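> For reference, the structure I am asking about is given below.
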Amino acid sequence: MDKSKVYYYDNLSNLKAGVNKFFKMIAEEIKDEDETKVGIKIHFGEGDNDTHVKPELLKDLAKYFKDPIFVECNVLYRGHRLRKDDHIKQALAHGFDFLEIDILDGEMGEDYTEIEIDTKNTQKAKIGKGLKNYENLISIAHFKGHIVAGFGGALKNIGMGLGSRGGKLDMHAGVCPIIKIEDCIACGSCSEQCPADAIEVNDYAVIDASICIGCAQCIAVCPEGVIKIPWGARKDNQFLEKIAEYTLACVQNKNWWHINFLTDITMKCDCFGTKQEPFMDDIGILFSKDPIALDKASMDLVTEKNDGVDPFKKYIKNSYHLLKYGEEIGLGSMKYELIKID
Ligand code: SF4
Ligand code: SF4
């Protein structure tokens, strides 16, 4: 397989100029003037999180595309993006107020379509129904760590992001954390945050694995850090594979372009409604037609800047499986050529 091109812009003092260069490259590839409605898949950030992609860097979208529209789906978690109205309010509060916003899976994630794919774990992916209205889409992703997937980039933004609530549940199901009960202080934070009411706290917390949806919220809120994903006990990489499969369902028969922001790189994802401190200096922004090459290049740059050590390894040892499997099912290539642009 040929190497995919990944474009890299690292003038951190003028990121907007770089983003606009990428928009220009994309606009030149959209051939039919009448088909320029472009879905911009982005994560608006949750609550007090302020390390999501900065909206002011995207303000020129309408200069490059005739009809750009932010597209997103509702989430599984409790918080500000569970319902369409709240989700839009959250987006506006975070400054995404200069384009129309289209929540693709209805009021509560109930409005989905099943897209047929022939893959190992998924035959029908439950995707936000409104995706059918878009032929041209741009993924704009904040590259950062993710407690369950290891890292989040283009694939996570598309596959998990555009899954309807049922689709997100389908991807998460089977990833039930374990609690080191001897160190639990019975504070109840995990139980309060659990969207599935799967945790009971008496002398210590206990998870009912039969109703846990594997969302990992409890892991994030536990003040003692005693809730863990039992990756060692898992026999497969089904969660990661499903993200790749759902991504395939979203990209097939459509035109996608992908931009990753390697800025404000945090250990946790933007779904956590608290402020997070980036753990490394900004790197820049990357663009590619190939989401596998883009995420691979992003991981390589982050690892290189972190003295050659994968910073997200503490979550999961095999996060590259997402990319290897994605390559296997035809999403793209792990081999890439990094092209620096000024
Ligand atoms: S992962 Fe934790 S918060 Fe999420 S459903 Fe399971 S027990 Fe509840
Ligand atoms: S948040 Fe952690 S310490 Fe508190 S009850 Fe849950 S497992 Fe125990």
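> Of all the residues that make up the range 194-218, how many are more than 17 Å from the chain's Cα centre (by Cα), surrounded by 18 or more Cβ atoms within 10 Å (Cβ to Cβ) and either modelled with pLDDT of 90 or more or within 14 Å of ligand 2 (Cβ to nearest atom) (or both)?
7
> Would you be able to say whether some residue in the range 246-266 is more than 12 Å from ligand 1 (Cβ to nearest atom), assigned by TED's automatic domain parsing to the domain that holds residue 123 and free of Cβ contacts under 8 Å to residues at least 40 places away in the same chain?
Yes: the range 246-266 contains one or more residues that are more than 12 Å from ligand 1 (Cβ to nearest atom), assigned by TED's automatic domain parsing to the domain that holds residue 123 and free of Cβ contacts under 8 Å to residues at least 40 places away in the same chain.
> Which of the residues belonging to the range 95-110 are surrounded by 15 or more Cβ atoms within 10 Å (Cβ to Cβ) and within 20 Å of the chain's Cα centre (by Cα)?
Hits for the range 95-110 are 95, 96, 101, 102, 103, 104, 105, 106, 109.
> Take the residues in the range 116-132 that are touching a residue at least 60 places away in the same chain (Cβ under 8 Å) and out of contact with any Lys or Arg (no Cβ under 7 Å at 6 or more places or on another chain), then tell me which one is nearest to residue 24 (Cα to Cα).
Selected residue: 131.
> Here's another thing I want to ask about it. Anything in the range 182-193 that is crowded, with 18+ Cβ neighbours inside 10 Å and assigned to a loop (DSSP other than H, G, I, E, B)? List them, or say none.
Hit for the range 182-193 is 184, nothing else.
> Could you please let me know if residue 273 is surrounded by fewer than 24 Cβ atoms within 10 Å (Cβ to Cβ), small (Gly, Ala, Ser) and assigned by TED's automatic domain parsing to the domain that holds residue 120? Walk me through it before giving the result.
Numbers: surrounded by fewer than 24 Cβ atoms within 10 Å (Cβ to Cβ): yes; small (Gly, Ala, Ser): yes; assigned by TED's automatic domain parsing to the domain that holds residue 120: yes.
In short, yes.
> Residues that are buried (at least 18 other Cβ atoms within 10 Å of the Cβ), modelled with pLDDT of 90 or more and outside the structural domain of residue 218 (by TED's automatic domain parsing): does the range 75-84 have at least one?
Checked the range 75-84: at least one residue is buried (at least 18 other Cβ atoms within 10 Å of the Cβ), modelled with pLDDT of 90 or more and outside the structural domain of residue 218 (by TED's automatic domain parsing).
> Out of the range 83-109, which residues are acidic (Asp, Glu), in a loop (DSSP other than H, G, I, E, B), in contact with a strand residue (DSSP E or B) (Cβ under 7 Å, 6 or more places away or on another chain) and closer than 22 Å to residue 54 by Cα?
100
> Where in the range 232-342 are there helices (runs of 4 or more DSSP H), lying wholly inside it, with at least 2 residues that are over 16 Å from the mean Cα position of the chain (by Cα) and acidic (Asp, Glu)?
Here the list reads 291-305, 320-328.
> Among the residues of the range 186-202, write down those that are among the charged types (D, E, K, R) and near ligand 1 (Cβ under 6 Å from one of its atoms). Step through it out loud before you land on a result.
To start, the set of residues in the range 186-202 that are among the charged types (D, E, K, R) comprises 192, 197, 200.
None - no residue of the range 186-202 is among the charged types (D, E, K, R) and near ligand 1 (Cβ under 6 Å from one of its atoms), so the list stays empty.
The values are calculated or read from the model by the stated rules, or taken from the named source; none is laboratory data. For clarity, every value in this text was computed on a predicted model and none was experimentally measured. Every residue, glycine among them, receives a Cβ derived from its backbone with ideal geometry; neighbour counts consider all protein chains shown.
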